[in-house]
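Since every read-out is calculated from the coordinates, none of them should be taken as a lab result. Because the structure is a prediction, the values reported are computed rather than measured. Here the Cβ positions follow ideal geometry from the backbone for every residue, glycine too, while neighbour counts run over all protein chains shown.
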Amino acid sequence: SEARAAHKRILLKLSGESLMGDDAFGINRGTIVRIVGEVAEVVNMGVEVAIVIGGGNIFRGVAGGSVGMDRATADYMGMLATVMNALALGDAMNKQGLTARVMSAIGIEQVVEPYVRPKALQYLEEGKVVIFAAGTGNPFFTTDTAAALRGAEIGAELVLKATKVDGVYTADPKLDPAATRYNKITFDDAMAQNLGIMDATAFALCRDQKLPIKVFSIFKHGALKRVVLGEDEGTLVYA
Ligand code: UDP
């Protein structure tokens with residue numbers, strides 16, 4: 001018999017770069033298929049999953065092609081990049097047997113439906129995966145902050161911050177072989193130690209709302225499922 005999930009509703013934050021695979025830019029099909037496979041495992045356990053997707057694999061308001069641009073304009077481009085990723089992710093989900101709904105924080109209604117909170121809640125209750133596109137809808141913010149915001153709005157029990165490393169370490173494990181993974185750490189300790197788990201706005205919102213964050217690797221097969229089962233995986237940041 002299937003083990004029971006420790007969480008009923010989660011908010012998963014995927015960076016744009018997580019869709020890149022080994023490519024230098026854009027969306028790698030094999031990678032997106034693999035990520036959807038990991039998500040499907042927890043959806044099929046009955047867990048309600050909402051996703052905030054980043055855009056850094058295509059465009060960021062503060063780096064690369066945006067250097068020298070007006071910041072707000074560049075940030076709107078970054079938000080549009082997240083819409084592209086959301087469409088690709090939703091498409092892959094629908095092809096792999098899930099039902100995904102993309103909701104955008106900026107009006108772009110011929111392409112995706114707008115974010116309407118009660119509708120998002122309804123979709124989640126129906127077992128659909130809700131993909132939040134366009135971040136918070138505001139320049140000068142990040143999709144990490146969108147993850148904290150939407151996570152709080154939908155009453156997620158946990159924000160899952162997907163990274164390349166399988167948690168938060170005492171030092172960079174690539175540089176220091178003695179580095180160890182924190183199994184859990186409080187918001188205050190993480191802040192005192194400057195661990196940089198999410199940007200300051202996102203971190204403050206989660207801390208204020210006592211919304212725990214789990215840092216884990218989306219590329220470690222089965223890790224997402226183990227997090228949802230409440231097993232020792234990744235790093236929990238808690239109030
Ligand atoms: N962005 C924004 N407001 C938001 C979320 C994102 O202006 O609420 C823009 C910003 O320019 C950012 C880009 O979209 O650089 C891509 O988002 P982010 O850098 O968070 O993506 P990730 O690093 O997760 O791939």
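Numbers for the structure displayed
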| item | result |
| --- | --- |
| Dipole magnitude of the range 102-160, debye to nearest 20 (Cβ charges: Lys/Arg +1, Asp/Glu -1, about Cα centre) | 60 |
| Charge-dipole axis of the range 84-216 as Lys and Arg at +1 and Asp and Glu at -1 on Cβ define it, positive-most pick from Met191, Tyr115, Ala162 | Ala162 |
| Full-extension gain in nm, Asn183 to Ala200, via 0.36 nm per residue minus C-alpha separation | 4.0 nm |
| Relative contact order computed over the range 53-138 (Cα-Cα under 8 Å; 6+ residues apart), in percent | 31 |
| Charged-residue dipole, Cβ positions (Lys, Arg, Asp, Glu), the range 1-130 about Cα centre, Debye nearest 20 | 240 |
| Separation of the Gln96 and Met45 label points, Cα + 7 Å toward Cβ, nm | 1.6 |
| Highest average packing first - 64-76, 148-160, Cβ atoms within 10 Å | 148-160, 64-76 |
| Sequence of Ser104, Ser15 once ranked by neighbouring C-beta atoms within 10 Å, starting from the fewest | Ser15, Ser104 |
| Separation between Cα centres of the range 150-196 and the range 33-72, rounded to whole Å | 18 |
| Cross-link pairs beyond the 32 Å C-alpha cut-off, checked among Lys95/Lys174; Lys128/Lys161; Lys8/Lys95 | Lys95/Lys174 |
| R0 of 22 Å, Cβ-Cβ distance Gln122-Arg4: FRET efficiency to nearest 0.05 | 0.35 |
| Lys/Arg +1, Asp/Glu -1 at C-beta; the chain dipole; positive extreme among Pro177, Gly234, Phe25 | Gly234 |
| Estimated FRET transfer efficiency when R0 is 22 angstrom, pair Arg226-Asp176 (beta carbons, to 0.05) | 0.30 |
| Stokes-Einstein D (µm²/s) once Rh is taken as the Kirkwood radius of the chain over alpha-carbon pairs, at 25 °C in 0.890 mPa s | 137 |
| Estimated dipole of the range 9-238 in Debye, rounded to 20 [Cβ of Lys and Arg +1, of Asp and Glu -1, Cα centre] | 200 |
| Equivalent-ellipsoid semi-axes of the range 138-239, from the Cα gyration tensor, Å, largest first | 21, 16, 13 |
| DSSP H segments from the chain that extend 18 Å or more along their own axis, Cα-based, with Kyte-Doolittle mean of 0.5 or above | 29-43 |
| Lys/Arg +1, Asp/Glu -1 at C-beta; the range 1-136 dipole; positive extreme among Met103, Asn85, Ala5 | Ala5 |
| Computed [θ] at 222 nm, helices only, for the chain once each DSSP H run of length n ≥ 4 contributes -39500 (n - 2.57) | -10500 deg cm²/dmol |
